[in-house]
Amino acid sequence: MSKQLLEVRGVTRRFGGLTALRDLSFSVAEGELVGLIGPNGAGKTTAFNVISGTVPPSSGTVLFDGRNISGGPPSRVVALGLARTFQSTSTYPAATVAENVYRGLLSRISGSMVNRLSGRREWRLPPDAVRAEMDAILQMTDLHAWRDATAGSLAYGLQKKLGIAVSLAARPRMLLLDEPAAGLNHEECNELGRLLRRLQQEWGLTLLLVEHHMALVMSLCQRIVVLVHGEKIAEGSPQQVRENPAVVEAYLGAPDYAHA
Amino acid sequence: MSQSQLTALPAVGLPVGMRALGGVVLAAIVVAPWFAGSFVQHLAILACLNVIAVTGLALISRSGQLSFGHAAFIAMGAYVSVLAERHLGLGLWLSGGLGILAAALVAGLLGGVILRLRGVYFVLVTFAFGELTRLALLDWSGVTGGANGITRIAPIALFGVTLDTRPKFYTLAVAIALFLIVALWRLFRKPLGHAIDSVAQNPALAESTGLSVFRLQLLAFVAGCALAALSGVLQARYIGYISPESFNTGVTTGLIIMLVIGGRASVWGPFIGAVVLTPLPEFFRGAVQTQYVFYGAALILIMRFLPGGLASLWHRFTAGGKEKRA
């Protein structure tokens, strides 16, 4: 059995009187592709925010590679190798595609005051390596043709892909994707599936995605965690989850979801 | 450090002819005061001091914050350095350094607390801090001279040369101002500069790619306030007199107007803003009561029609209307 990279242990998060997450525990092994699903308001995005350090848990801990990362800050969590994308498109709209990726790389360029001030281990990344890295990321995400285009001028689907490219630039070991398929058309969705699988297989990236697009989740993920009302009601392979009566009752509903 | 990594990015190419033209105009503006009358020299020196202070403000603004207490840090540089010279007998370098260090230290402490605030709250607290500083200088008259201020401040003596005439002082002021513009221009081509821009343009994304928004904004705030203090150190020696009223919020407002009208996104913005706006009140001398009306009107017009400030006109012309907005 391979090593657990991410461990969420008994995480509860309250917002005033509302309990968004109740005693959530699950883990993701190194190299695994896991889906987090559930109806709207189930606490998926809160779970993401807690894991990425944007929001501290009310109780419980999040371990990444054996280290406690609960409470962030996000920049530290990223430095340890866990990056995220955002639900809405998140880019630097006035900068070009290449500049966006370059900015994603910044925290790894040694000699910058950022690294020195934060006392972080310096990753030496000489100029040619920066260029090679940018090329590799643009190639992988198929954004080469738009390299010099302004991010804000891109079509929605490309902006979402650029969001992934920017997160990849930090060279994380694990990537959290918050509804990467939302708003994408059928073809873009298939392309996204291929990209995520390549990232897992070729770059050895561990992936956790929150997604509503059931066909994508079912075909892509090795394991699925189901949240309802902030609680985990099921966990298992796509097959197991699909056949779990509680999941069908609470979320999947009609059995022809896969054709959605 | 070589910046060849940026060759991977498209160069912001301006036509060579336009560059040459810009260089000639710049050189003319910089050189003219030496040959001009005494009053023009006075305005040129004030413009240089403003360039230094506004450049500090621009650095803070590039990191995504707006300080409304900039004059307080100019005051700190001026008062601390003058008092250190007078009471501790320190030379220019030490007393000036102490003034800048004091401002940087206070900025670090203040920023450490309030940089967690966003937008309007940061503006409000810096505004309050500016007023607090002015009132403290007024009240603490045993040390600061209160409302009477401090008079007869000796001019700067550098390497055996006393800068007691306007051309001499202008030489120093313009050299520092140009040096700072070039330094800032270089900074925003380095990774650190890109990181500061990233933080301003999308803080959540910057944080999630490993850039600490808090640390970068703190760094920009401390450096920006240190530049304000530097202009204060120079101003005290040039005018020979400081009082709390030389550093009221009106001064901060004037600097912000220079930054906005000059252009927030360009390192040339502070220069353009200071050169255009420093002499402006002189034209409205006959209308002291109404000059702020003109200021206000100019500000509104710029914000509406030229949000990038005067500096963006340059790009608008050279880019051949590429940036035309829908």
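With neighbour counts taken as other beta-carbon atoms within 10 Å, the residues B:312, B:141 rank, fewest first, as B:141, B:312. Only beta bridges with both residues in chain A are counted; by DSSP, about 55 percent of them are antiparallel. Each of B:303, B:262, B:20 was placed along the dipole of the protein assembly as shown (beta-carbon charges, centred on the mean Cα), and the one lying farthest toward the positive end is B:20. Footprinting exposure proxy ranking of A:161, B:168, fewest other C-beta atoms within 10 angstrom first, gives B:168, A:161.
Between B:90, B:277, B:205, the residue with the greatest mean-square fluctuation in the GNM of chain B (Cα pairs under 10 Å linked by springs) is B:205.
Beta bridges assigned by DSSP with both partners in the protein assembly as shown are antiparallel in approximately 60 percent of cases. Using θ = phi - 60° in the Karplus curve 6.51 cos²θ - 1.76 cosθ + 1.60, the 3J(HN,Hα) couplings for the stretch B:37-49 round to x, 4, 5, 4, 4, 4, 4, 5, 5, 4, 4, 5, 4 Hz; x is entered for Gly and Pro. Per-residue mean of foreign Cβ neighbours for A:130-140 is 2 (Cβ atoms of other chains, 10 Å radius). Among B:18, B:76, B:258, the largest mean-square fluctuation in a Gaussian network model of chain B (Cα springs under 10 Å) belongs to B:18.
Residue exposure proxy: A:12, B:162, A:45, ordered by other Cβ atoms within 10 angstrom of their Cβ from fewest to most, comes out as B:162, A:12, A:45. Just in the stretch B:65-173: which chymotrypsin sites (Phe, Trp or Tyr not before Pro) are loop by DSSP and have at most 15 other Cβ atoms within 10 Å? In loop regions of the stretch B:65-173 (DSSP not H, G, I, E or B), the sparsely surrounded chymotrypsin sites (Phe, Trp or Tyr not before Pro) are B:140, B:159. Is the C-alpha gyration tensor of the protein assembly as shown telling us rounded, prolate or oblate? Criteria: a/c under 1.5 is rounded; beyond that, a/b larger than b/c is prolate, otherwise oblate. The shape class here is prolate. Measuring between their Cα centroids, the stretch B:49-65 and the stretch A:49-88 lie 34 Å from each other.
Calculate, for residue B:140 and residue B:93, the FRET efficiency according to 1/(1 + (r/R0)^6) with r their C-beta to C-beta distance and R0 30 Å; round to the nearest 0.05.
Result of the calculation: an efficiency of 0.70.
Entry note: chain A has Rg to Rh equal to 0.97, where both radii use alpha-carbon atoms and Rh is the Kirkwood radius.
Please average, across the residues of B:211-218, the number of beta carbons from any other chain that are within 10 Å of each residue's own beta carbon, and give a whole number.
Other-chain Cβ atoms within 10 Å of each residue's Cβ, averaged: 5.
May I ask for the Kirkwood hydrodynamic radius of chain B, worked out over all distinct Cα pairs and given in angstroms to one decimal? For chain B, inverting the mean 1/r across all distinct Cα pairs yields 20.6 Å. Of the residues B:105, B:46, B:66, the one that moves most in a GNM of chain B with alpha-carbon contacts below 10 Å is B:105. Rounded to the nearest whole Hz, the Karplus-based 3J(HN,Hα) values (6.51 cos²θ - 1.76 cosθ + 1.60, θ = phi - 60°) of the stretch A:234-249 follow the sequence 7, 7, x, 6, x, 4, 4, 5, 4, 8, 6, x, 5, 5, 4, 4, with x at glycine and proline. The mean number of Cβ atoms from other chains found within 10 Å of a Cβ in peptide B:189-202 is 6, as a whole number. Peptide packing: for A:233-245, A:210-222, the average count of neighbouring Cβ atoms within 10 Å per residue gives the ranking A:210-222, A:233-245, highest mean first.
With respect to chain A, whose longest principal axis is taken over its alpha-carbon atoms, helix A:156-169 is tilted by about 70°. Proximity of backbone amide H atoms, modeled 1.01 Å from N, is registered between residue A:234 and A:226 at under 5 Å, excluding neighbours fewer than 5 places apart on the same chain. Think of it as helices only: each DSSP H run of n ≥ 4 in chain B is worth -39500 (n - 2.57), and spread over all residues that comes to -22500 deg cm²/dmol at 222 nm.
The calculated 222 nm mean residue ellipticity attributable to helices in chain A amounts to -9500 deg cm²/dmol, summing -39500 (n - 2.57) over DSSP H runs of n ≥ 4 and dividing by all residues.
No value in this document is a laboratory result; all are computed from the given coordinates. Note that the structure is predicted; figures quoted are calculated from it, not measured. A quick note on method: Cβ atoms are made from the backbone with ideal geometry, for glycine too, and the neighbour counts reach across all protein chains shown.
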